[in-house]
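The values are calculated or read from the model by the stated rules, or taken from the named source; none is laboratory data. The model shown is predicted, which means the values in this text are computed figures rather than measured ones. Here Cβ is always computed from backbone atoms with ideal geometry, including for glycine, and neighbour counts include all displayed protein chains.
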Amino acid sequence: MLVARAAWALSIPLTIGALLVPQCPRAPATCSLLLSCLTSSPSGGGTVGNRSPGLCSSAARSASMASGAHVKARCPVYPGSQTRRFPVPDDKVSWETEWPEYLPPSYTAPSVLARPAWADPDISSFSPYFNALDGTVDRTSHEGEYRVEDGKPLNPHGRTGLTERGLLGRWGPNHAADPIVTRWKRDGAGHSVIHSESHLPVLQFVAIMRKDCGEWAIPGGMVDPGERVSLTLQREFSEEALNLLAVNPEERAWLRDRIASLFASPGFQVYEGYVDDPRNTDNAWMETVAVNFHDQSGDSVSELPLQAGDDAGQVSWMDIDSTLSYYANHSLFLEMVAKERHAHW
Ligand code: BGC
């Protein structure tokens, strides 16, 4: 796995079919875009922390690119609170730019201060190992080594206008995984729907409407301590899009089988890295691994009964289209999938 990560870092060009290196025109921040083969097989070699064990490094190809500074991570009012961020103009985002006038407020949500299992204690009362696997908690970043100042990790994408953890449980990186489950849109006769402007077939993905903000999103979730990303992808999809925890045992067994076979198929890793998430702060931020699982013939996952789980208000097959808006970085990931599959965007 170390070898695979080193290969990505060097941006070794590899082939998946006859693809071109993907473009990232609307990336909200510097990003690592990855196209690689991933299976959920637990036998895919060693891991770095809880990173994807089944990555086929020989099929990996990466492209890193810089673009604008994070935007959602500077939203004026911190989500779920009345706390206003210190306004950070584009030219002051970078920590390299001296800015003595920068006086951001501190905020940690009461739900985090209550010390649930998924949250760290206050920084003064424990000694985390940053940039390392700290027990079962992965405090390494997909973006490389991050700075730690006065004992606190610094957001690798710069100032956000707010310190401490906000709604995030971990100091430093908070790791998530995003399963992008897709199928071709079909008409009543079962034919693929072609978009009238792009003349390309339309892809659909399983989307949830997040309860916390009402935005459409990929049904992702947090990687549990010690959990492999490949398992998180499967677990989150089962919980959020199929509500597996609430279905009766017989149906659950049948669903489990179907899901396991979908997630055992080679996935296509779209992204790993920092997410421009509205919950980010100067000392805590979201990172994710997004992987696409595609039902080419429309007869596997397409038939599963979608049912919204705990964090989802609604769940639905949704068209992938650049005119729609999605949560955090999610449109970037969906664009990558559309380009990879030669679909409408
Ligand atoms: C969500 C993921 C998202 C990540 C970063 C998590 O809470 O479940 O879908 O990519 O946050 O925004």
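Restricting attention to the range 171-202, the residues that are within 15 Å of the ligand (Cβ to nearest atom) and either more than 16 Å from the chain's Cα centre (by Cα) or at positive phi (or both) total 1. The helices (runs of 4 or more DSSP H) located wholly in the range 227-345 that include 3 or more residues which are at pLDDT 90 or above and either in contact with a helix residue (DSSP H, G or I) (Cβ under 6 Å, 6 or more places away or on another chain) or surrounded by fewer than 24 Cβ atoms within 10 Å (Cβ to Cβ) (or both) occupy 229-241, 330-340. The residues listed here are PRO76, PRO121, PRO89; of these, the one that is surrounded by fewer than 13 Cβ atoms within 10 Å (Cβ to Cβ) and more than 29 Å from LEU332 (Cβ to Cβ) is PRO121.
Does GLY221 satisfy being closer than 20 Å to PHE268 by Cβ, of a type outside the set (Val, Ile, Thr) and touching an Asp or Glu at 6+ places or on another chain (Cβ under 7 Å)? Yes, satisfied. Would you call THR97 out of contact with any strand residue (DSSP E or B) (no Cβ under 6 Å at 6 or more places or on another chain), modelled with pLDDT of 95 or more and over 18 Å from VAL223 (Cα atoms)? Judged against the criteria, THR97 is a match. Contact map, the range 304-327: residues that are over 24 Å from ALA338 (Cβ atoms) paired with residues that are acidic (Asp, Glu) and surrounded by fewer than 17 Cβ atoms within 10 Å (Cβ to Cβ), Cβ distance under 9 Å, separation 6+ or inter-chain. Pairs shown: PRO305/GLU251; ASP311/ASP212.
Residues in the range 192-218 that are in a loop (DSSP other than H, G, I, E, B) and at pLDDT below 95: LYS211, ASP212, CYS213, GLY214, GLU215. Just to be sure before I move on: is VAL206 of a type in the set (Val, Ile, Thr) and farther than 26 Å from GLY135 by Cβ in the structure I sent? Criteria met by VAL206.
Yes or no: the range 170-186 includes at least one residue that is assigned to a loop (DSSP other than H, G, I, E, B) and free of Cβ contacts under 8 Å to residues at least 12 places away in the same chain. Looking for residues that are assigned to a loop (DSSP other than H, G, I, E, B) and free of Cβ contacts under 8 Å to residues at least 12 places away in the same chain, one finds none in the range 170-186, hence no. Here the condition is being within 15 Å of the ligand (Cβ to nearest atom), out of contact with any Ser or Thr (no Cβ under 9 Å at 6 or more places or on another chain) and of a type in the set (Phe, Trp, Tyr); of PHE205, PHE237, it holds for PHE237 alone. Of the residues ALA328, ALA260, ALA284, ALA312, the single one that is hydrophobic (A, V, I, L, M, F, W, C) and more than 16 Å from the ligand (Cβ to nearest atom) is ALA260. Only one of the listed residues (ASP277, ASP257) is among the acidic types (Asp, Glu) and free of Cβ contacts under 8 Å to residues at least 24 places away in the same chain. That residue is ASP257.
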